[in-house]
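Written out below as structure tokens is the structure these notes cover.
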Amino acid sequence: MRECMRAGLLCNDAKIKQIEGRPGVEGDPTEGALIVSAVKFGFNGENEHGTFKRIDELPFESEWQYMATLHELDGSRVVYLKGAVEKILDCCRDSMNASGEIEALDMERIVDSQHKMASNGLRVLAFAHKELPADGELIRHNACMGMTFVGLQGMIDPPREEAKAAIAACQHAGVKVKMITGDHALTAEAIGFRLGLRGGDCVIGDDCPVMTGSEIGELSDRELIDKVRGIPVFARVSPEQKLRLVMALQKNGEVCAMTGDGVNDAPALKQADIGVAMGITGTEVAKDAADMVLTDDNFATIEAAVEEGRGVFANLVKFIAWTLPTNAGEGLVILAAILFGVTLPIIPVQILWINMTTAACLGMMLAFEPKESGIMERPPRDPTKPILDKVILRRVGIVSGLLLVCAFGLFKWELMNGASVEKARTMAVNVFVVIEAFYLFNARSFTRSPFELGLTTNSWVLFGFATMMVLQLFFTYAPVMNRLFATAPVNLLDWVKVIVCGIVVYFIIEFDKKRSSSD
């Protein structure tokens, strides 16, 4: 036991330092846990490193799955080995018991102990040592044979409660969460079970298999593509296999986001559609290869980002669905006037007024629309599908057509009743603005009425609506605006006609929402 603790302390690159006024780990958290374990056992880190002076090392590499350090002690040398249990056992010829005596290596008992620890979610590391001649060469991989096994250490990094909730939210939203780790399969399975990871219709720990790196190595690319979708946990995976997994998911048409912190994660981070490096524990190489850095190393932040991204995209689509009818309606009015050879209902400077004021006062308010409830219950959007689906295109067509009928109809009606061209055009402009203002309330949701959303849940819409109406009154009645835009004042009855057009359009779109949701 004592030699196992010493091995964990010496075969280690982490340091315990004061970080922001409190003790913290500089380096790998797992190695930090080994230092804490040794100190609690009774070792003094400075004394041990002073007594066992390190003169060489073999850093951890995924190919070998162990780390080795060479130390000098009273004219002799000793090698300490730390790594995956199966790799360390392959390097050992005997073992040390709790009394410090050398005995035969009982691999079956050691592996059984490992399985018991791993099945409880512990990350298990094995340790070994070996004395070398004082005049020996520096450490090489061939020197890491014929070692003496000195023990196992298990540590647990329990999943955060918010991570479990975030994973459940992601899976509910159709985001497949997969865990790729270098840990033992039993450890990975236990952690995956606690996190509630799912693969297809199965749950990890129930009937979902865990795929190991050795199994991945036996599969062709085609076989891996077929299997990768239904497996939520991959254990004992090498960096090359991480890259293969990302590529296999992409071949299945998935948009793949990959998290990582180590140098060896860089290829997979680079290949992924969205590479996410850890901001606290991540290496600079990983951060450079990634598309973004997760500053708090918290999976819940990723789930929050997915939710926020869905909200932003939804608002963008709402704005597009709101603004297109204005341009289409203006074009249709001009086209109809040309086809019928009549006076233009609106002139270019009035079109400029409509576009500038409605976009700033009305359309921009949709950017402040809060996320709709249930946004994380929607399935992911297929990136190959166009933004403008048939529902949006039908909505744009309906509103554009209604703008044409109302604006052109009121313009002709005013002319037929003896109004001046300026007043008739003022009516047409007001129709465009008022219909766009009422349609803004429709555009807040493609499926729900503004009353279901709550009229005050986006107070900016009400502010924009009021501001637009004030500007339109100024446009209609201010003499300077009449001269600049060739408009004329209208009476109360004229406003009733315009507002009735807006109300009619509002109810037609609400009816279309109900019809669309029932299809």
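The values are calculated or read from the model by the stated rules, or taken from the named source; none is laboratory data. These numbers come from a predicted model, not from an experiment. With ideal geometry, Cβ positions are generated from the backbone for all residues, glycine too; neighbour counts draw on all protein chains shown. Protein only, heavy atoms only, side chains kept; ligands, DNA and RNA dropped before computing areas. Shrake-Rupley method; radii C 1.70, N 1.55, O 1.52, S 1.80 Å.
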Handout entry: Qualifying residue in region 163-183 (condition: closer than 23 Å to MET117 by Cβ, free of Cβ contacts under 8 Å to residues at least 60 places away in the same chain and open to solvent by less than 30 Å² (accessible area, probe 1.4 Å))
Key = yes
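Evaluate the following for LEU125: is it in a strand (DSSP E or B) and either at pLDDT 90 or above or among the acidic types (Asp, Glu) (or both)? Break it down into steps so the answer makes sense when it comes.
On the way: in a strand (DSSP E or B): yes; either at pLDDT 90 or above or among the acidic types (Asp, Glu) (or both): yes.
Yes: the conditions hold for LEU125.
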Exercise for the section: Could you give me the residue pairs with C-beta distances under 7 Å whose first residue belongs to region 57-77 and is assigned to a strand (DSSP E or B), whose second residue is open to solvent by 30 Å² or more (accessible area, probe 1.4 Å) and β-branched (Val, Ile, Thr) wherever it lies, and which are 6+ apart or on separate chains? Expected result: LEU70/ILE55; HIS71/ILE55; GLU72/ILE55; LEU73/THR51
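Looking only at region 6-65, count how many residues are of a type in the set (A, V, I, L, M) and within 25 Å of GLU284 (Cβ to Cβ). Lay out the reasoning, then the answer.
Taking region 6-65 as the starting set, the residues that turn out to be of a type in the set (A, V, I, L, M) are 7, 9-10, 14, 16, 19, 25, 33-36, 38-39, 55, 58.
After this cut, where a residue has to be within 25 Å of GLU284 (Cβ to Cβ) as well, the list is 14, 16, 19, 25, 33-35, 58.
Qualifying residue count for the region: 8.
Kindly establish whether ASN252 is open to solvent by less than 50 Å² (accessible area, probe 1.4 Å) and touching a helix residue (DSSP H, G or I) at 6+ places or on another chain (Cβ under 9 Å). Steps first, please.
Values: open to solvent by less than 50 Å² (accessible area, probe 1.4 Å): yes; touching a helix residue (DSSP H, G or I) at 6+ places or on another chain (Cβ under 9 Å): yes.
The answer is yes for ASN252.
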Problem - Filter result (on the phi < 0 side of the Ramachandran plot and either within 32 Å of the chain's Cα centre (by Cα) or acidic (Asp, Glu) (or both)) within region 454-468 - result: LEU455, THR456, THR457, ASN458, SER459, TRP460, VAL461
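Quick check on ILE191: is it outside any strand (DSSP E or B) and touching a residue at least 60 places away in the same chain (Cβ under 8 Å)? It would help to see each step written out before you state the result.
Working: outside any strand (DSSP E or B): yes; touching a residue at least 60 places away in the same chain (Cβ under 8 Å): yes.
When the stated conditions are applied, ILE191 passes them.
Among the candidates ILE88, ILE35, ILE16, single out the residue that is assigned to a strand (DSSP E or B) and either open to solvent by 30 Å² or more (accessible area, probe 1.4 Å) or closer than 18 Å to ALA126 by Cβ (or both). Steps first, please.
Details: ILE88 fails: assigned to a strand (DSSP E or B); ILE35 fails: assigned to a strand (DSSP E or B).
One residue alone meets the criteria, ILE16.
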Practice task
Output yes when any residue across region 303-316 is open to solvent by less than 50 Å² (accessible area, probe 1.4 Å), over 15 Å from the mean Cα position of the chain (by Cα) and farther than 17 Å from ARG381 by Cβ, and no when none is.
Solution key: no
Completion exercise
In region 19-32, anything closer than 21 Å to GLY83 by Cβ, of a type outside the set (A, V, I, L, M, F, W, C) and assigned to a strand (DSSP E or B) is listed as none
Problem - Boolean, PHE408 is within 34 Å of the chain's Cα centre (by Cα) and assigned to a helix (DSSP H, G or I) - result: no
Fill in the blank from the handout: Here the residues within region 298-317 that are aromatic (Phe, Trp, Tyr) and either modelled with pLDDT under 90 or farther than 15 Å from PRO370 by Cβ (or both) are PHE299
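Considering only residues of region 283-298 that are of a type outside the set (S, T, N, Q) and assigned to a loop (DSSP other than H, G, I, E, B), which is surrounded by the fewest Cβ atoms within 10 Å (Cβ to Cβ)? Steps first, please.
Residues of region 283-298 that are of a type outside the set (S, T, N, Q), as a first pass: 284-294, 296-297.
Next, from what is left, pick out any that are assigned to a loop (DSSP other than H, G, I, E, B): 290-291, 296-297.
Values: ALA290: 25, ASP291: 14, ASP296: 10, ASP297: 16.
Selected residue: ASP296.
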Handout entry: Selection from region 263-282 of residues that are open to solvent by 20 Å² or more (accessible area, probe 1.4 Å) and either in contact (Cβ under 8 Å) with a residue 24 or more places away in the chain or among the polar types (S, T, N, Q) (or both)
Key = ASN264, PRO267, GLN271, THR281
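Just to be sure before I move on: is VAL79 closer than 25 Å to LEU105 by Cα, β-branched (Val, Ile, Thr) and out of contact with any Lys or Arg (no Cβ under 6 Å at 6 or more places or on another chain) in the structure I sent?
Details: closer than 25 Å to LEU105 by Cα: yes; β-branched (Val, Ile, Thr): yes; out of contact with any Lys or Arg (no Cβ under 6 Å at 6 or more places or on another chain): no.
No.
Between ARG194, ARG244, which is touching a helix residue (DSSP H, G or I) at 6+ places or on another chain (Cβ under 9 Å), within 25 Å of TRP64 (Cα to Cα) and open to solvent by 10 Å² or more (accessible area, probe 1.4 Å)?
On the way: ARG194 fails: within 25 Å of TRP64 (Cα to Cα).
Exactly one residue qualifies, and that residue is ARG244.
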Problem - Condition check for PHE475: farther than 15 Å from THR358 by Cβ and out of contact with any strand residue (DSSP E or B) (no Cβ under 9 Å at 6 or more places or on another chain) - result: no
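Go over the candidates ALA257, ALA277, ALA248, ALA268 one by one and state the one that is of a type in the set (A, V, I, L, M, F, W, C) and more than 24 Å from GLU63 (Cα to Cα).
Details: ALA277 fails: more than 24 Å from GLU63 (Cα to Cα); ALA248 fails: more than 24 Å from GLU63 (Cα to Cα); ALA268 fails: more than 24 Å from GLU63 (Cα to Cα).
Within the list ALA257, ALA277, ALA248, ALA268, the selection yields ALA257.
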Completion exercise
Scanning region 325-338 residue by residue, those under 22 Å from VAL396 (Cα atoms) and either open to solvent by less than 60 Å² (accessible area, probe 1.4 Å) or over 50 Å from the mean Cα position of the chain (by Cα) (or both) turn out to be PRO325, THR326, ALA328, GLY329, GLU330, GLY331, VAL333, ILE334, ALA336, ALA337
Practice task
Could you check region 442-519 for helices (runs of 4 or more DSSP H) lying wholly inside it with 3 or more residues that are touching a Leu at 6+ places or on another chain (Cβ under 8 Å) and surrounded by 14 or more Cβ atoms within 10 Å (Cβ to Cβ)?
Solution key: 459-477, 492-518
Completion exercise
In the set LEU186, LEU243, the lone residue that is over 22 Å from VAL85 (Cα atoms), of a type outside the set (Val, Ile, Thr) and at pLDDT 85 or above is LEU243
